[in-house]
Amino acid sequence: LVQRTEIAEEVILLKKNDTINLRPAREAQILYRLLNRHKGQFPRRELTRIWREIIVATLQMQGPFSIAVIETDDNAGYSDIARDQYGSFTPMTHHSSSRSVIEAVQKGKATVGILPWPEKEMLDPWWQFILFDAPDTPKIIGRLPFAGPSNSRNNHIEAAVIAPITQEATGRDYSLLALEFKYEMSERQIKELFLSIKLVVQSCMFWRNGDHSGEYIYLIEVSSFVGLKSDLMQQILSTFNNQGNRVIHLGGYAAPLSIEELESFSEVN
């Protein structure tokens, strides 16, 4: 820990002009690598929890780091899974609405925000408030829990982590895109269009203003890394150019650890 701290101090000097030092892809790669080389009977869940505390403590050395989390009677448990990922002592503020969480992150009052994972049943989805390309607009950067269910008051919930940073690749990624159409598209049509450029749609959900005015908006999750300025993104733009109004990159996340990864005791190769 002393050696790691000394290295972190050197990194701080190199990154002194950076406003946000969060790199979720790099953090995920560290845990993938640690579990891949792990052997013996020490529990893997505890191993990941120890390393999450170390990673976040190092982040806090580099500058202010805090969490904005939604927490209401209907949304209990998000604080618990936020603690699992972002440390026991990280400052946390609780918000009664998703929009308040997004504004806290956008205005720099919190480093990351924790919101319910997007579901088809959401009638008034929070992701409508991040359908912008402005640099300070938060993007989805993680999916929780990363290391399996914990002792959360509601261990069946999943959360999205948001922050105004660009998705990076880990080799085990999912990306999220918002597609805007002037007319309604079926899920089958959208999946076929994505398959035409060799992208598999993991989930597809739809939203339109309550008064049914304006465009049809679809949140698409693909089981691949799609970089903001990658060739794949250009292919998506070209494919949907004649179909829709615009495509917005909403971020993405490194695949959470599987139950098998957390429970197995593999030997070093």
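Mind telling me which of the residues Ile12, Ile7, Ile30 ends up being among the hydrophobic types (A, V, I, L, M, F, W, C) and within 24 Å of Ala254 (Cα to Cα)?
Values: Ile12 fails: within 24 Å of Ala254 (Cα to Cα); Ile7 fails: within 24 Å of Ala254 (Cα to Cα).
Criteria check complete, one pass: Ile30.
For the stretch 121-136, what are the residues that are in contact with a Ser or Thr (Cβ under 8 Å, 6 or more places away or on another chain) and open to solvent by 40 Å² or more (accessible area, probe 1.4 Å)? Please lay out each step first, then the result.
Going residue by residue through the stretch 121-136, those that are in contact with a Ser or Thr (Cβ under 8 Å, 6 or more places away or on another chain) are 126, 129-130.
Phe129 - this is the single residue of the stretch 121-136 that is in contact with a Ser or Thr (Cβ under 8 Å, 6 or more places away or on another chain) and open to solvent by 40 Å² or more (accessible area, probe 1.4 Å).
Among the listed residues Thr58, Thr72, which satisfies the condition of being among the β-branched types (Val, Ile, Thr) and closer than 21 Å to Pro118 by Cβ?
Working: Thr58 fails: closer than 21 Å to Pro118 by Cβ.
None of the other options fit; the residue is Thr72.
Would you check which residues across the stretch 121-178 are more than 16 Å from Arg99 (Cβ to Cβ) and β-branched (Val, Ile, Thr) and list them?
Ile141, Ile157, Val161, Ile165, Thr166, Thr170
What strands (runs of 3 or more DSSP E) completely inside the stretch 155-261 contain at least 2 residues that are touching a Gly at 6+ places or on another chain (Cβ under 6 Å) and open to solvent by less than 60 Å² (accessible area, probe 1.4 Å)? Before the answer, list the steps.
Numbers: elements: 159-163, 173-181, 201-207, 216-222, 244-254.
In the stretch 155-261, 159-163, 173-181 are the strands (runs of 3 or more DSSP E) which contain 2 or more residues that are touching a Gly at 6+ places or on another chain (Cβ under 6 Å) and open to solvent by less than 60 Å² (accessible area, probe 1.4 Å).
With respect to Ile236, determine if the residue is under 18 Å from Ile140 (Cβ atoms), more than 20 Å from the chain's Cα centre (by Cα) and modelled with pLDDT of 85 or more.
Details: under 18 Å from Ile140 (Cβ atoms): yes; more than 20 Å from the chain's Cα centre (by Cα): yes; modelled with pLDDT of 85 or more: yes.
Here the answer is yes, as Ile236 does meet what is asked.
In the stretch 75-96, how many residues are modelled with pLDDT of 95 or more, among the aliphatic types (A, V, I, L, M) and in a loop (DSSP other than H, G, I, E, B)?
0
Give the stretch 58-74 a look and list any residue that's at pLDDT 90 or above and either over 20 Å from Thr93 (Cβ atoms) or part of a loop (DSSP other than H, G, I, E, B) (or both), or say none. Write out each step before concluding.
Residues of the stretch 58-74 that are at pLDDT 90 or above, as a first pass: 65-70.
Passing the criteria: Phe65, Ser66.
Residue-wise test of (1) within 10 Å of Ala68 (Cα to Cα); (2) of a type in the set (S, T, N, Q).
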| residue | (1), (2) |
| --- | --- |
| Ser79 | yes, yes |
| Arg83 | no, no |
| Gly87 | no, no |
| Pro91 | yes, no |
| Ala104 | yes, no |
| Gly108 | no, no |
| Thr111 | yes, yes |
| Trp117 | no, no |
| Leu144 | no, no |
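What is the residue count in the stretch 41-65 for residues that are open to solvent by less than 30 Å² (accessible area, probe 1.4 Å) and either among the basic types (Lys, Arg) or in contact (Cβ under 8 Å) with a residue 60 or more places away in the chain (or both)?
3
Does Asp73 qualify as being over 24 Å from His249 (Cβ atoms), of a type in the set (Asp, Glu), open to solvent by 40 Å² or more (accessible area, probe 1.4 Å) and touching a residue at least 60 places away in the same chain (Cβ under 8 Å)?
On the way: over 24 Å from His249 (Cβ atoms): yes; of a type in the set (Asp, Glu): yes; open to solvent by 40 Å² or more (accessible area, probe 1.4 Å): yes; touching a residue at least 60 places away in the same chain (Cβ under 8 Å): no.
No.
I'm checking my understanding of the structure. Among residues of the stretch 177-201 that are among the aliphatic types (A, V, I, L, M) and in contact with an Asp or Glu (Cβ under 9 Å, 6 or more places away or on another chain), which one is nearest to Val247 (Cα to Cα)?
As a first pass, look at the stretch 177-201 and keep what is among the aliphatic types (A, V, I, L, M): 177-179, 185, 190, 193, 195, 197, 199-201.
Subset that is in contact with an Asp or Glu (Cβ under 9 Å, 6 or more places away or on another chain): 177, 201.
Working: Leu177: 7, Val201: 15 Å.
Going through the qualifying residues, I end up with Leu177.
Being open to solvent by 20 Å² or more (accessible area, probe 1.4 Å), within 28 Å of Leu262 (Cβ to Cβ) and free of Cβ contacts under 8 Å to residues at least 60 places away in the same chain is true for just one of Arg37, Arg33. Which residue is that? Full working, then the answer.
Working: Arg37 fails: free of Cβ contacts under 8 Å to residues at least 60 places away in the same chain.
That would be Arg33, the only listed residue that is open to solvent by 20 Å² or more (accessible area, probe 1.4 Å), within 28 Å of Leu262 (Cβ to Cβ) and free of Cβ contacts under 8 Å to residues at least 60 places away in the same chain.
Just name the residue that is nearest to Leu1 (Cα to Cα) out of those in the stretch 82-100 that are open to solvent by 10 Å² or more (accessible area, probe 1.4 Å) and hydrophobic (A, V, I, L, M, F, W, C).
Looking at residues that are open to solvent by 10 Å² or more (accessible area, probe 1.4 Å) and hydrophobic (A, V, I, L, M, F, W, C), I get Phe89.
The values are calculated or read from the model by the stated rules, or taken from the named source; none is laboratory data. Everything quoted here is computed from the prediction, not taken from an experiment. With ideal geometry, Cβ positions are generated from the backbone for all residues, glycine too; neighbour counts draw on all protein chains shown. Keep in mind that these areas ignore ligands, DNA and RNA; they rest on the heavy atoms of the full protein, side chains included. Shrake-Rupley method; radii C 1.70, N 1.55, O 1.52, S 1.80 Å.
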